[in-house]
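The values are calculated or read from the model by the stated rules, or taken from the named source; none is laboratory data. Note that the structure is predicted; figures quoted are calculated from it, not measured. Positions of Cβ are generated from backbone atoms using ideal geometry, with glycine treated the same way; all protein chains shown enter the neighbour counts. Protein only, heavy atoms only, side chains kept; ligands, DNA and RNA dropped before computing areas. Shrake-Rupley method; radii C 1.70, N 1.55, O 1.52, S 1.80 Å.
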Amino acid sequence: MQAVSVVKDSGQRAVIPPFEDEHEELRATVRRWVENEIVPEQGEWERRREFPRELFDRAAELGFLGLKYPERLGGQGGDGVHDAVWAEEIAAAGMCGGVGAGLGAHTGIATPPVFNFGTDEQHERFLRPAIAGERIAALGITEPGAGSDVASIRTTAKKVAGGWVVNGSKTFITNGVRADFLVCAVRTTAEGGHGGISFLILESDMKGYEVSRKLEKLGWHSSDTGELSFTDVAVPAENLLGEENEGFKLIMANFQWERLLMALGAVGGMDWCLRRTVDYALEREAFGRPIGKFQAIRHKIADMSTKLEVGRSMTYSALRLLAGGQDALREVTAAKLFTQRAAVEVADDAVQVHGGYGYMREYEVERALRDARLGPIGGGTDEVMKEILGRSYGL
Ligand SMILES: Cc1cc2nc3c(=O)[nH]c(=O)nc-3n(C[C@H](O)[C@H](O)[C@H](O)COP(=O)(O)OP(=O)(O)OC[C@H]3O[C@@H](n4cnc5c(N)ncnc54)[C@H](O)[C@@H]3O)c2cc1C
């Protein structure tokens, strides 16, 4: 039997499908960008409660805002797997929760419905400038009185000659303060429920469109989260996205990718926390030895590593299915559910291993913990994920 003390692992791994060598090249490019241009600045952006607008321009210049969109619209001609690299690596390279949220809301949740459901004319007006970083996008579904229960939204759009008149409000909207356009869920029939929801693209310079508040929050400090109000906003008919009263389909289509991207972000974040914590455990000494030489700390690292590997396996497996065009509701839901809670636990362990320094801003693991806490809430709560999973068995 091999003695425990000589167990070694080089850490080298072959590329895991669906990723291929070209994705690993992209991964290295994103990592370099995050390490060189985001990590040195993000502490200051967190304090200022905003990363600069120019970061969208720079991300566009490097092609990151259009990875999965066709070249004819200014994109890179890639697919969802390229976007997956981007979502994972932005977290793995720097645990940049706020930056990842702001850029990710633009690329991962707000622009996909425009591409998937938009007309050629909408692609030109909204998607092309979004890919170029010229117009910032946000997705507006949640309202002060309706989050998990999407069907109970109350923002109304009344049909008039030439378009719609919108009244209502949205809250917790990522990029809500500086978005140039909002892909917005509205009620277009008098009856409640799933039918009668439509999507309109609201533009921030429309009369009656107001940012009522920039919200203060536990984490993701460098991303803006807005509360919006709409008073008699006149929206032209050509801003209807997809079919009238078929908006629920658009919401459901989007959720799978959103949840998978969140799982990838959590995997990246756990990876970052683990690497940071191992380095610290090797370097910090107590009672005459590196703290990593205490079994209690070693076992904590083992737990962190296990959660990362389980999360990564589940997430990549769901990604393989989804990227291959297969049904992956259960796998995506389970990956989202597991990784978001695991990321909070792993970040908490990272803080614990860092001791008092873990509680200090400068060591950044406290930010990882605050940022990770959004995971079990955003994009569908843990409780909602369990409902979806349970119901998928006909229960
Ligand atoms: C930082 C941040 C950014 C966000 N960004 C966006 C964005 O860009 N766009 C957007 O549209 N939304 C956004 N959201 C909203 C987010 O998706 C919602 O907060 C989330 O879906 C939960 O809705 P809620 O907050 O209304 O909670 P509620 O739905 O009120 O839930 C409260 C509690 O009740 C539980 N609960 C609800 N229903 C059930 C049920 N059927 N069974 C068991 N338990 C249940 C929930 O799990 C939760 O624990 C963001 C939120 C945050 C915090």
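Residues in region 288-301 carry Karplus couplings, in order, of x, 8, x, 4, x, 7, 7, 4, 4, 6, 4, 5, 4, 4 Hz; the curve used is 6.51 cos²θ - 1.76 cosθ + 1.60 with θ = phi - 60°, and Gly or Pro positions show x. Shown in residue order for region 171-183 are the 3J(HN,Hα) couplings computed by the Karplus curve 6.51 cos²θ - 1.76 cosθ + 1.60 at θ = phi - 60°: 9, 6, 8, 5, 6, x, 6, 10, 4, 8, 8, 10, 7 Hz (x for Gly and Pro).
How about region 222-311: which chymotrypsin sites (Phe, Trp or Tyr not before Pro) there lie in a loop by DSSP and see at most 10 other Cβ atoms within 10 Å? Those that pass, being in a loop and sparsely packed, are F287.
In this label model, R47 and L215 are separated by 2.7 nm, measuring between points 7 Å along each Cα→Cβ vector.
Per residue, the chain reaches -14500 deg cm²/dmol at 222 nm when only DSSP H runs of four or more residues are counted, each adding -39500 (n - 2.57).
Tell me whether region 111-209 comes out rounded, prolate or oblate; compute the Cα gyration tensor, take square roots of the eigenvalues as a ≥ b ≥ c, and use a/c under 1.5 as the rounded threshold.
Prolate shape, in that a/c is at least 1.5 and a/b is the bigger ratio.
Viscosity 0.890 mPa s, temperature 25 °C: what is the translational diffusion coefficient of the chain from Stokes-Einstein with a Kirkwood Rh over Cα pairs, rounded to a whole number of µm²/s?
On the way: Rh = 21.9 Å.
Using the Kirkwood radius from Cα pairs, D works out to 112 µm²/s.
Under 5 Å from the amide H of H221 lie the amide H atoms of G98, each residue being 5 or more positions distant or on a separate chain, with H modelled from the backbone and absent for Pro and chain starts. Residues whose amide H comes within less than 5 Å of that of I197, counting only those at least five positions distant or on another chain, are T188, G247, F248 (H built at 1.01 Å from N in the peptide plane). Between A253 and A151, the simple spin-label model (points 7 angstrom out along Cα→Cβ) gives 2.1 nm. Over all projection directions, the Cα-based convex hull of region 336-395 averages an area of 4.2 nm². When the trypsin sites (Lys or Arg not before Pro) in region 132-225 are filtered for DSSP coil states and for at most 11 other beta-carbon atoms within 10 Å of their beta-carbon, the remaining sites are K207. Between A302 and M360, residue separation times 0.36 nm minus the direct Cα-Cα distance comes to 18.5 nm. By accessible area, using a 1.4 Å probe on protein heavy atoms only, region 238-294 has 53% of its surface on carbon and sulfur. Note on region 214-335: along the principal axes its Cα atoms extend 72, 39, 16 Å, ordered by decreasing extent. Here the Karplus relation 6.51 cos²θ - 1.76 cosθ + 1.60, evaluated at θ = phi - 60°, turns the backbone of region 39-55 into coupling constants of 3, x, 9, 5, x, 5, 4, 5, 5, 7, 6, 5, 8, x, 3, 5, 5 Hz, with x for every Gly and Pro. Shape index of region 31-163: Rg/Rh, with Rg the Cα radius of gyration and Rh the Kirkwood radius from the inverse mean 1/r over Cα pairs, equals 1.02.
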